[in-house]
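Throughout, read-outs are computed from the coordinates displayed, never taken from laboratory work. Just so it is clear, the model here is predicted, and its values are computed rather than measured. Glycine also receives a Cβ, built like all others from the backbone with ideal geometry; neighbour counts cover every protein chain displayed.
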Amino acid sequence: MNKLAYLVLALSYVLRAAAVDATTAATPPMGWNSWNHFACKVTAGDVRSAADAIAGNGMKDAGYVYVNIDDCWEGSRDEKGRIQPNQKFGDMKALVDYVHGKGLKVGIYSSPGPKTCAGYEGSFGHEEQDAQQYADWGFDYLKYDWCSAEKVYQRRQMIDVYKKMHDALVRTGRPIVFSLCQYGYGRVWTWGASVGGNLWRTTEDISDHYDRMSVIGFDQDGLEPFAGPGHWNDPDMLEVGNGGMNHDEYVTHMSLWALLAAPLLAGNDLSKMTPETLAILTNREVVAVDQDIKGVQGRRVAQEGPLEIWAKPLADGSLAVGLFNRGESVNPITLSFKDIGLHGSAKIRDLWQHKDLGSYSGSYTVDVPRHGAILIGVR
């Protein structure tokens, strides 16, 4: 894309994004979601345990504030059509109050279709009721998953369907982050903000495997014009700590999501987390890249075979740069400063190690492990 076309695209998107209040999700949402580890086994006790862990292990201080219940909480509707939790959750207001009591926020899940992905009660025909029920319980976040909507709507109706729930949420008077989960259908990044979306899934589901994570993450290049304060591209939740990848692969996962200004929603069992996993999730300089107030999504600036370099401009005038080795052996990667718009010398800082590396002239070269990443600050 040439510069003129890029600017026209970005400007048109800014105008369409006017429907979004940038003070809600001003930076990418951070927290935890139950699905990746617990799926339909999740209980109220698991949610309380996650809240306890976040409040006590340093994650809250690092910025993780949302405790999000995914699918499988739903029960039946009462005689007035109001959605009720199933027996695994019981008193939903009490659960929400518990999470709030930890100084955290809490999220819930539904579908615009008759059923959720797991076959539980969806919001079709009850959008106003459900929005009000979520607000009455005190929820702060809604993930709205397309799923069985295919049975009652055409995909061309998707914009109206999502706007309907957004408008219902607004009418409750409670600020609720609106997460569109519809897998990138219909180039959602071009219209998600116009229907009130604060984030929208750009891909099918992630899994705890390097090949799947890397395809999803590295395929986000080109979507950067559509992200910004209040509205974010969402390449799905974090798998860090679930056991399917090694340390270097999880470092790649976290580094790439930070550069992408992606929502950081941990998906592991926080009550059984290793110190190594916690260190990846809470590295303050890496999280700061994701949460930078400039709100710019990073992009690929160079590639040579399996070696990629991504850069993200930061509010302080520096750049965060990721050097990624998607190959099968250790490889040196050279960052040429001209590729990130710099000339002469630059100071380099290793953000994972919190270590200044000194000043380099013209370029910087480092060995990067197989499936690994080096994340540096450059100024």
Value at 222 nm in deg cm²/dmol, rounded to 500, when DSSP H runs of n ≥ 4 in the chain each add -39,500 (n - 2.57)
-8500 deg cm²/dmol
I'd like the Karplus ³J(HN,Hα) series for the stretch 74-91: coefficients 6.51, -1.76, 1.60, θ = phi - 60°, whole numbers in Hz, and an x wherever there's a Gly or Pro.
6, x, 9, 9, 7, 5, 9, x, 7, 5, 10, x, 7, 5, 6, 10, x, 7
Calculate how large, on average over all directions, the projected area of the Cα convex hull of the chain is; give the answer in nm² to one decimal.
18.1
The pairs in Lys80/Lys272; Lys60/Lys88; Lys102/Lys143 lying past 32 Å Cα-Cα in this model are Lys80/Lys272
For the stretch 3-290: relative contact order, % (alpha-carbon pairs under 8 angstrom, 6 or more apart)
22
Amide H within-cut-off set for Trp32, under 5 Å, with H built and near neighbours excluded:
Tyr66, Val67, Asn68, Ala266
Where a Cα-Cα gap under 16 Å defines reach, which aspartates and glutamates qualify for Lys355, not counting those fewer than 8 residues away within the same chain?
Glu285
List the trypsin sites (Lys or Arg not before Pro) within the stretch 168-245 that DSSP assigns to loop and that have no more than 12 neighbouring Cβ atoms inside 10 Å.
Arg187
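Nearest-5 percent of antiparallel DSSP beta bridges in the chain?
Details: 37 of 60 bridges.
The answer is about 60 percent antiparallel.
Please order His253, His354, His231 by the number of other Cβ within 10 Å, starting at the fewest. Show your work: numbers first, answer last.
Details: His253 24, His354 11, His231 27.
Lowest count first: His354, His253, His231.
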The stretch 269-367: chymotrypsin sites (Phe, Trp or Tyr not before Pro) falling in loop per DSSP and having at most 11 other Cβ within 10 Å
none
Please work through the chain and write down the cysteines that have no neighbouring cysteine Cβ at a distance under 4.7 Å.
Cys181
Alpha carbon centre of the stretch 99-165 versus the stretch 254-306: separation in Å?
27
